[in-house]
Amino acid sequence: MSEDPVRSVLWMVRGSWITMALRAACVLGIFDVLDGPLVEDEVAARTDTDPPTLSRLLRSLSDLGLVERVAPDAYRNTALGATLREDHPSRLRDLVLMQATLPNLAAWHALDEAVRSGSGVYESVNGLPSWEHLARDPEAQRMFNAAMARRGSGQVAALLTATDLSGASTIVDVGGGRGAMLTGLLEALPSLHGVLADQPAMAAEAEAVFAAAGLGDRTTCVPSDFFRSLPGGGDVYTIANVLHDWDDADAVRILRTVRAAVPDHARLLVVEHVLDAPGRSFEELREVHLVDLHMLVMFGARERTQAEYDELLVDAGFTASTRGATGTDWNVLEARPAAETAE
Ligand SMILES: C[S@@+](CC[C@H](N)C(=O)[O-])C[C@H]1O[C@@H](n2cnc3c(N)ncnc32)[C@H](O)[C@@H]1O
């Protein structure tokens, strides 16, 4: 950062332009063709772009450290640029595309309104709630699902470190998306059966993902509305990165539905980025704080401290939670049906 405060803030002002430069480069497939050095004309030919204009974009991508100029007219990806390739395991490209959709940007544009009112703005700005928008727009839904699924391995690592799942027989993942986390758990624990409960379109997508991973016979996908009812019979229930999408009243409603489904002997594992979990780096905290604002504009929702999650859990009929060490930026809060501990 520059020592001149005006220059430093000017750089922050350019943040949205940088996101758009990343988006353009991802959409054009620039990082996908630059895994080795390539002259600009060849990059233009392979990405179907106007050579002199592409050169201007490459210049800025180089300033950002995403590509490097290896000859006067040739570039290749840096390690940073390589993370935005379509085949990179981080799936960061999906996140760029999801975050840069116009409805999402429009919601952020009304952050001031959200801070004034304390409520979400996505619906007032875009005319319908984010979940409904996704349900009506298959491409937006695909980008969202892919962006969510990219976190599965981190969630699995956190769960396996925080708690002993070796004795579990059936795990029910509430709002499990396309099944990335459950896939990882089933691969790590060969005797486990997995039940994925999500909205009908998502449950169908997860079914295809499990079949492709050879896990069709160890999984059941249940189309569900977690405000109404959820599958019973599990001995472990997980709910990952769902509660932060909802305000307190709705989060308690979801947890009450979970409570109604959870047998008394079972346990619930909440996987989230808990705001006051110890040991976070400055970069991790900065990320959680920005995602908290994203939850505000998108859903009128929030990131929470462990005490705030506990309030919701207790209100819904669970014990207060214990937090296991995870060694990752994900946290796992474990709670049980309150009646069991009261005995
Ligand atoms: C932020 S995503 C989290 C997905 C996954 N657990 C993860 O961590 O990547 C929230 C999930 O909640 C699901 N969801 C939203 N409303 C729902 C509802 N009423 N009933 C069931 N699932 C719902 C979405 O379809 C989505 O898969």
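Suppose we look only past 17 Å in the calculated P(r) of region 92-146. What percent of the Cα-Cα pairs does that tail hold? Result: 38 percent of Cα pairs exceed 17 Å. When both bridge partners sit in the chain, DSSP labels roughly 45% of those beta bridges antiparallel. Stretching Asp4 away from Ser55 to a fully extended chain increases their span by 15.4 nm, per 0.36 nm per residue minus the current alpha-carbon distance.
Ranking Met12, Met181 from most to least accessible surface, computed with a 1.4 Å probe over the protein chains only, gives Met12, Met181. Region 264-343 and region 92-150 have Cα centres separated by 23 Å. Where in region 291-312 does the amide nitrogen come within less than 16 Å of the point 7 Å from the Cα of Asp276, taken along Cα to Cβ? Only 303-312 fall inside the zone, counting backbone N under 16 Å.
Between the helical axis of 200-212 and the dominant principal axis of the chain, each derived from Cα atoms, what acute angle in degrees is found, rounded to the nearest 10? That works out to roughly 80 degrees.
For region 242-256, backbone phi angles converted through the Karplus equation (6.51, -1.76, 1.60; θ = phi - 60°) give residue-by-residue couplings of 9, 4, 6, 7, 10, 6, 4, 5, 5, 4, 5, 4, 4, 5, 5 Hz, Gly and Pro being listed as x. Pair-distance distribution P(r) for region 295-336, from all Cα-Cα distances in 10 Å bins starting at 0: 27, 44, 28, 1 percent.
Over the chain, DSSP H runs of length four or greater, each weighted -39,500 (n - 2.57), average out per residue to a 222 nm ellipticity of -15000 deg cm²/dmol.
Stokes-Einstein, applied to the Kirkwood radius of the chain over Cα pairs at a viscosity of 1.306 mPa s and 10 °C, places its translational diffusion at 73 µm² s⁻¹.
Each listed q (0.21, 0.23, 0.27 Å⁻¹) maps to a log10 I(q)/I(0) for region 189-271, found by the Debye formula over equal Cα scatterers with no solvent: -1.07, -1.22, -1.43. Solvent-free Debye calculation, one equal scatterer per alpha-carbon of region 1-129: log10 I(q)/I(0) at 0.09, 0.10, 0.16, 0.21 Å⁻¹ equals -0.34, -0.42, -0.87, -1.15. When the solvent-accessible area of the chain is split by element, carbon and sulfur atoms take up 54 percent of it, the probe being 1.4 Å.
Its Cα gyration tensor gives region 98-223 an equivalent ellipsoid; the semi-axes, largest first and in whole Å, are 33, 17, 12. Across the protein chains, with a 1.4 Å probe defining accessible surface, the residues Glu113, Glu308 rank Glu113, Glu308 from largest area downward. Stretching Arg142 away from Ser166 to a fully extended chain increases their span by 5.3 nm, per 0.36 nm per residue minus the current alpha-carbon distance. In terms of its C-alpha gyration tensor, region 151-342 has a rounded overall shape, because the principal axis ratio a/c (a ≥ b ≥ c, square roots of the eigenvalues) stays below 1.5. In plain terms, the C-alpha convex hull of region 192-236 casts an average shadow of 3.2 nm² when viewed from every direction.
Modelled spin labels at Val27 and Arg253, positioned 7 Å past Cα toward Cβ, are 3.6 nm from each other.
For a Förster distance of 22 Å, can you work out the FRET efficiency between the beta-carbons of Ser153 and Trp131, rounded to the nearest 0.05? Rounded to the nearest 0.05, the efficiency is 0.30.
The values are calculated or read from the model by the stated rules, or taken from the named source; none is laboratory data. Source: prediction; values computed, not measured. Heads up, the Cβs are rebuilt from the backbone with ideal geometry, glycines too, and the neighbour counts pull from every protein chain shown. Side chains included, ligands, DNA and RNA excluded: accessible areas come from the protein's heavy atoms. Shrake-Rupley method; radii C 1.70, N 1.55, O 1.52, S 1.80 Å.
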